[in-house]
Amino acid sequence: MKAYLFPGQGAQFSGMGKELYENNDIARELFEQANAIIGFRISDIMFAGTDEELRQTKVTQPAIFLHSVILAKCLGDDFKPDMVAGHSLGEFSALVAASAISFESGLKLVIARANAMQKACELQPSTMAAILGLADEVVEQICEGIDEVVVAANYNCPGQLVISGSIEGIDIACQQLTEAGAKRALKLSVGGAFHSPLMEPARLELKEAIENTTIMPPVCPIYQNVDPVPQSDPEKIKFNLITQLTGAVRWTQTVERMLADGADEFIEVGPGNVLQGLVKKVNRAVQTRSAAVPA
């Protein structure tokens, strides 16, 4: 069974989508449609922008979404998913690719999400850190014992968990986790505490937009970040999307459940190959590859 995976923030690079635009009429039309919706030529930044330009929240999230979704649409009949999942932002890409949300509605939601998260980041200085080499339970227990906002945010693969919270909370956690035996406790260069309670203002802002968006049953089950079980019910999909901003990305559990449900090939749709690496750390024997438009 084929599982299609859609990456999140951090996968962007200058030149992403350029070949699609130049060689595919469907891609060109969708990029131009996106430029009109966004109000500036995001395609120009994607194709030739600097790393600094691509790191802007208003660019990063829609850029990754566009690359993933347009690539999926250019696959044509080759895109036959038995199941889909997306890492954080990638969940929106997965839903559009699986025909649960229209291209225009998905892009507008991603723009709203990026703006809401940016505002939440500005309300309180906050950050994230990658913790390597400790069991999830140990990380969770230490975070729970800290009298600051600090939570497990991204369960990326066994032995790799990202925590999220206030700057002071993350500093305390990194020290305690290192003392507990973590191989590394590395603060990340991010704008704020994503997937933590500090994103509550963003969740409230995005809630209305999601509730007002038409969501159809996807063409195959989607495994969502906060509740990694096969899901096709539009109302439950909406609830999980809203919860995602303050909830954890349970990627390890998602991959494990997809494998248990019969996935034997994981295909990454979008920039980079980070998700393939995470899948291999869950099960080294499983087949992975990047999506490519047929010649």
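The values are calculated or read from the model by the stated rules, or taken from the named source; none is laboratory data. Just so it is clear, the model here is predicted, and its values are computed rather than measured. Note that each Cβ is placed from the backbone with ideal geometry, even for glycine, and that neighbours are counted across all protein chains shown.
Some points to look at:
- Every condition in (1) under 15 Å from Gly270 (Cβ atoms); (2) within 15 Å of the chain's Cα centre (by Cα) is met by Leu71 except one, and the failing one is (2).
- Selection status of Leu5, within 28 Å of Tyr223 (Cα to Cα) and assigned to a strand (DSSP E or B): yes
- Glu200 vs. criteria among the charged types (D, E, K, R) and either free of Cβ contacts under 8 Å to residues at least 60 places away in the same chain or over 30 Å from Glu148 (Cα atoms) (or both): no
- Condition check for Val269 on (1) in contact with a Phe, Trp or Tyr (Cβ under 7 Å, 6 or more places away or on another chain); (2) surrounded by fewer than 15 Cβ atoms within 10 Å (Cβ to Cβ); (3) of a type in the set (A, V, I, L, M): one failure, at (2).
- Residue check: Glu208 meets all listed conditions (1) free of Cβ contacts under 8 Å to residues at least 24 places away in the same chain; (2) farther than 25 Å from Lys280 by Cβ; (3) outside the structural domain of Ala97 (by TED's automatic domain parsing) but one, namely (3).
- Across the range 130-167, the number of residues qualifying as of a type outside the set (Asp, Glu) and touching an Asp or Glu at 6+ places or on another chain (Cβ under 7 Å) comes to 5.
- Screening the range 10-111 for helices (runs of 4 or more DSSP H) wholly inside it with 2 or more residues that are free of Cβ contacts under 8 Å to residues at least 12 places away in the same chain returns the ranges 18-23, 25-38, 51-55.
- Complete set of residues in the range 265-290 that are part of a loop (DSSP other than H, G, I, E, B) and either of a type in the set (Lys, Arg) or not assigned by TED's automatic domain parsing to the domain that holds Phe13 (or both): Arg284
- Of all residues in the range 22-54, those satisfying the criterion of being surrounded by 16 or more Cβ atoms within 10 Å (Cβ to Cβ) and within 18 Å of Gly270 (Cα to Cα) are Asn24, Ala27, Leu30, Phe31, Ala34, Ile42, Ser43, Ile45, Met46, Phe47, Gly49, Leu54.
- Test: Ala97 is more than 16 Å from the chain's Cα centre (by Cα), in the same structural domain as Asp264 (by TED's automatic domain parsing), buried (at least 16 other Cβ atoms within 10 Å of the Cβ) and within 27 Å of Gln244 (Cα to Cα): no
- Here Leu161 fulfils each of the conditions (1) touching a residue at least 40 places away in the same chain (Cβ under 8 Å); (2) under 26 Å from Gly272 (Cα atoms) apart from (1).
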